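**Q** Below is a structure I'd like to ask you about.
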């Protein structure tokens, strides 16, 4: 037992959790904590908007695979975190937020900068708690880290009243806790594994559909081994990108509303769908009854509530993806020889060939050319983040992710403004790896002020703006479904991103051709400050394929049709 | 789609502030409807028991149970089988007493329903009635013509028959 203040106990607890970096912004009700942060040895990165602090912690967590920590003051500081926390919640990312709160006696009095952040974040956190006494801090921090990073990960918020930060008490860092309501199931049930093996052995047209859960579970090797052994094509959700190299012959790419044509053709033809760490979201399945109507579905997920939530499944396995696939493969290997060829694989190959050149034929620099150049120039471990909208879907369709945790995007919530701060967070997590935010102009505008963070904290990333001067995805829908009435979707070339970059003392460059882009990218990779590359593209460029709302995968619109 | 019916869910939760909010909030957020909820501390003072009744089909109820289980402060969830479960609800009913005829009617009803009069004044009585919800509904129907001033119902609480118990 050691006597210290709540703030000191919190910092000591963070050190014990091996926290090296914190993203945050100080304010009145978190000043006692920031006074300890001042010379505590943990690096504090000053964000320029709390939303960005949360996205940075999120990008950090996704790149590194361990929790990211953010701080904000009470009231507006805390509420500014909300978008970032909701983003992390939807994509199962272990973000841990610590918020200042007004002193205990002031709670409920509508004090200055008081907000009920525990109430506000209850539906968007895995767990949240307001600390009532300083002595609770060591155990509460341990619990926060444990809950955030185990089972299905997710954000946790710890609210710290100002006087609790100041209060001095005996602190017990060895104290244990009993989470009797939280016991994630990791081990697969042997009978379910056996049945999954039977399903797969009988399958003629099996497909593995892999989501973000498989990346969280570090199941890359297991996914690939099983698929290669059975010659089973692998599709991914947006969140599953990077689980295997997308250049692999068995990779059919992303499935869904803007999925690859071959993937969207193949899924409805499957007779067994092995769904791993994915949740049958509407953007992946489109019209659910036409998704894989003839397939038996095996659904592996560590979160039992995902089983049967959206799709009816034939065989649920509530367990860790990696452990489950390991056991399935062990049994498959004993029951069949490695498959060297199959008519199903021929079909996969035929479709992949058929659609490989199904790309935009519009004017000027095409988004896929930028994606191709990025892939050609960037190392396989380079991290790409994206904003949300057309840029995100072009990146998903055309940029081949090669390794897990190298494609970071706001999949569930679809948060515009996520990509840039997430890139900063990822760069802090992996300082030796190039980090590129594939951005749109509309999204980048939402968090551009954190160019200041990038400059001041010396976090060099590359922002590639696919600049169509539109809220592009909105405009695309207006083009297709609203008779080209561009209601509130034109951005009219404001701001000048080169000048904007200069204002923040970082590099800004505008390119007029793919060749100029390559040159700018190579320069940017050498620079020790952030580079914003403005790539003007045609405002008429569409994201295709596209499955119109309410339709099945087979009804997708593709280029040239 | 299977048929909708009423399910009774027995739930053990951490007995601490905010847990009722968490549970109620989950129902609201996921679009499930709570018919009734009753909460009280259990034989262990750090545990509370919620008895929640919900209308829905089998698939909805399965999701309700899973989503409840997902909450960190929820320790144990179990669907109580109506055939082997004792359910009770209590209501306090304030009834207008217009004249002596009305008063004697009420006394008769209270007798038949094996309930009690727990307060009496010149123009009203308060009846305490315990039973399953149908019994309380029936009493209310009967008392309606006399003039009901106020009703306070607890919502259903329930335990399964026999030795089995919901334990952590």
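**Q** Let me spell it out: the conditions are (1) more than 14 Å from chain A (Cβ to nearest Cβ); (2) part of a helix (DSSP H, G or I), and residue B:9 meets all of them except one. Which number is the exception?
**A** (2)
**Q** Scan segment A:223-238 residue by residue and report those that are assigned to a helix (DSSP H, G or I), touching a strand residue (DSSP E or B) at 6+ places or on another chain (Cβ under 9 Å) and either crowded, with 23+ Cβ neighbours inside 10 Å or touching a residue at least 40 places away in the same chain (Cβ under 8 Å) (or both).
**A** As a first pass, look at segment A:223-238 and keep what is assigned to a helix (DSSP H, G or I): A:223-230, A:238.
This time we only want the ones that are touching a strand residue (DSSP E or B) at 6+ places or on another chain (Cβ under 9 Å), so: A:223-224, A:226-227, A:230, A:238.
Within segment A:223-238, A:223, A:226, A:227, A:230, A:238 qualify.
**Q** So which of B:155, B:147 ends up being under 21 Å from the mean Cα position of the chain (by Cα) and at positive phi?
**A** Checking each option against the conditions leaves just B:155.
**Q** Is it the case that some residue within segment A:36-46 is part of a helix (DSSP H, G or I) and surrounded by 24 or more Cβ atoms within 10 Å (Cβ to Cβ)?
**A** no
**Q** Continuing with the same structure: Tell me whether segment A:108-126 contains one or more residues that are without any contact (Cβ under 8 Å) to a residue 40 or more places away in the chain, assigned to a helix (DSSP H, G or I) and farther than 22 Å from residue B:71 by Cα.
**A** The answer is no, given that none of the residues of segment A:108-126 is without any contact (Cβ under 8 Å) to a residue 40 or more places away in the chain, assigned to a helix (DSSP H, G or I) and farther than 22 Å from residue B:71 by Cα.
**Q** Same structure again: Specify which of the listed residues (B:134, B:128) is in a strand (DSSP E or B) and more than 19 Å from residue B:9 (Cβ to Cβ). Full working, then the answer.
**A** Working: B:134 fails: in a strand (DSSP E or B).
Being in a strand (DSSP E or B) and more than 19 Å from residue B:9 (Cβ to Cβ) holds for just one of B:134, B:128, which is B:128.
**Q** Which ones in segment A:295-329 are more than 21 Å from residue A:204 (Cβ to Cβ), more than 14 Å from every other protein chain (Cβ to nearest Cβ) and out of contact with any helix residue (DSSP H, G or I) (no Cβ under 6 Å at 6 or more places or on another chain)?
**A** Selection gives A:319, A:320, A:323, A:324.
**Q** Condition first: surrounded by fewer than 24 Cβ atoms within 10 Å (Cβ to Cβ) and in a helix (DSSP H, G or I). Now tell me which residues in segment A:374-396 satisfy that.
**A** Scanning segment A:374-396 gives A:374, A:375, A:376, A:377.
**Q** From the list A:184, A:153, pick out the single residue that is out of contact with any helix residue (DSSP H, G or I) (no Cβ under 8 Å at 6 or more places or on another chain) and either more than 14 Å from chain B (Cβ to nearest Cβ) or at pLDDT 95 or above (or both). Lay out the reasoning, then the answer.
**A** Values: A:153 fails: out of contact with any helix residue (DSSP H, G or I) (no Cβ under 8 Å at 6 or more places or on another chain).
The match here is A:184.
**Q** Can you pull out every residue in segment A:191-232 that is within 23 Å of the chain's Cα centre (by Cα) and closer than 17 Å to residue A:267 by Cα? Spell out the reasoning first.
**A** Of the residues in segment A:191-232, the ones within 23 Å of the chain's Cα centre (by Cα) are A:208-224.
Within segment A:191-232, A:208, A:209, A:210, A:211 qualify.
**Q** With the checklist (1) under 19 Å from the mean Cα position of the chain (by Cα); (2) within 14 Å of chain A (Cβ to nearest Cβ) in hand, flag the one item residue B:73 doesn't pass.
**A** Only one criterion in (1) under 19 Å from the mean Cα position of the chain (by Cα); (2) within 14 Å of chain A (Cβ to nearest Cβ) is unmet by residue B:73, namely (1).
**Q** Also: For segment B:31-49, which positions are farther than 21 Å from residue B:153 by Cα and within 13 Å of chain A (Cβ to nearest Cβ)?
**A** Passing the criteria: B:31, B:32, B:44, B:46, B:47.
**Q** Filter segment A:67-85 for residues that are in a helix (DSSP H, G or I) and out of contact with any helix residue (DSSP H, G or I) (no Cβ under 6 Å at 6 or more places or on another chain); which is surrounded by the fewest Cβ atoms within 10 Å (Cβ to Cβ)?
**A** For segment A:67-85, the residue satisfying everything is A:76.
**Q** Go through the residues of segment B:50-67 one by one and say whether even a single one is touching a residue at least 24 places away in the same chain (Cβ under 8 Å), under 17 Å from the mean Cα position of the chain (by Cα), surrounded by 20 or more Cβ atoms within 10 Å (Cβ to Cβ) and within 14 Å of another protein chain (Cβ to nearest Cβ).
**A** yes
**Q** Related question: Test residue B:122 against the criterion of being over 15 Å from the mean Cα position of the chain (by Cα), at pLDDT 95 or above and farther than 30 Å from residue B:44 by Cβ, and give yes or no.
**A** no
**Q** Moving on. What about residue A:256, is it in contact (Cβ under 8 Å) with a residue 12 or more places away in the chain and in a loop (DSSP other than H, G, I, E, B)? Break it down stepwise before answering.
**A** Values: in contact (Cβ under 8 Å) with a residue 12 or more places away in the chain: yes; in a loop (DSSP other than H, G, I, E, B): yes.
Criteria met by residue A:256.
**Q** Just one of (1) over 29 Å from residue A:381 (Cα atoms); (2) within 14 Å of another protein chain (Cβ to nearest Cβ) trips up residue A:206, so point out which.
**A** (2)
**Q** Would you mind telling me which numbered condition in (1) in contact with a strand residue (DSSP E or B) (Cβ under 9 Å, 6 or more places away or on another chain); (2) on the phi > 0 side of the Ramachandran plot residue A:31 fails?
**A** Tallying (1) in contact with a strand residue (DSSP E or B) (Cβ under 9 Å, 6 or more places away or on another chain); (2) on the phi > 0 side of the Ramachandran plot, residue A:31 fails exactly one: (2).
**Q** Looking at segment A:106-148 only, could you name the residues that are touching a strand residue (DSSP E or B) at 6+ places or on another chain (Cβ under 9 Å) and more than 14 Å from chain B (Cβ to nearest Cβ)?
**A** A:106, A:113, A:114, A:115, A:134, A:135, A:137, A:138, A:141
**Q** Exactly one of (1) away from chain A (no Cβ under 14 Å); (2) under 16 Å from residue B:158 (Cβ atoms); (3) in contact with a strand residue (DSSP E or B) (Cβ under 6 Å, 6 or more places away or on another chain) is unmet by residue B:83. Its number?
**A** If we test residue B:83 against (1) away from chain A (no Cβ under 14 Å); (2) under 16 Å from residue B:158 (Cβ atoms); (3) in contact with a strand residue (DSSP E or B) (Cβ under 6 Å, 6 or more places away or on another chain), just (3) comes out false.
**Q** Then there is this: Restricting the first residue to segment B:126-149 and requiring it to be touching a residue at least 24 places away in the same chain (Cβ under 8 Å), which pairs with a second residue that is in a helix (DSSP H, G or I) meet a Cβ separation below 6 Å and a spacing of at least six or different chains?
**A** These pairs meet every condition: B:127/B:110; B:129/B:136; B:129/B:139; B:142/B:109; B:146/B:102.
**Q** What are the residues in segment A:204-222 that are surrounded by 21 or more Cβ atoms within 10 Å (Cβ to Cβ) and in a helix (DSSP H, G or I), if any?
**A** A:212, A:213, A:214, A:215, A:216, A:222
**Q** Mind counting the residues in segment A:13-35 that are more than 17 Å from residue A:78 (Cβ to Cβ) and not in a helix (DSSP H, G or I)?
**A** 5
**Q** I want to confirm something. Restricting to segment B:17-30 and keeping residues that are more than 8 Å from chain A (Cβ to nearest Cβ) and either touching a helix residue (DSSP H, G or I) at 6+ places or on another chain (Cβ under 9 Å) or part of a helix (DSSP H, G or I) (or both), which single residue is surrounded by the fewest Cβ atoms within 10 Å (Cβ to Cβ)?
**A** Here is the first cut: in segment B:17-30, the residues more than 8 Å from chain A (Cβ to nearest Cβ) are B:17, B:19-20, B:23-24, B:27-28, B:30.
Subset that is either touching a helix residue (DSSP H, G or I) at 6+ places or on another chain (Cβ under 9 Å) or part of a helix (DSSP H, G or I) (or both): B:19-20, B:23-24, B:27-28, B:30.
Details: B:19: 20, B:20: 15, B:23: 22, B:24: 15, B:27: 17, B:28: 12, B:30: 14.
Only one residue fits best here, namely B:28.
The values are calculated or read from the model by the stated rules, or taken from the named source; none is laboratory data. Being a predicted model, the structure only gives us computed values, none of them experimental. Here Cβ is always computed from backbone atoms with ideal geometry, including for glycine, and neighbour counts include all displayed protein chains.
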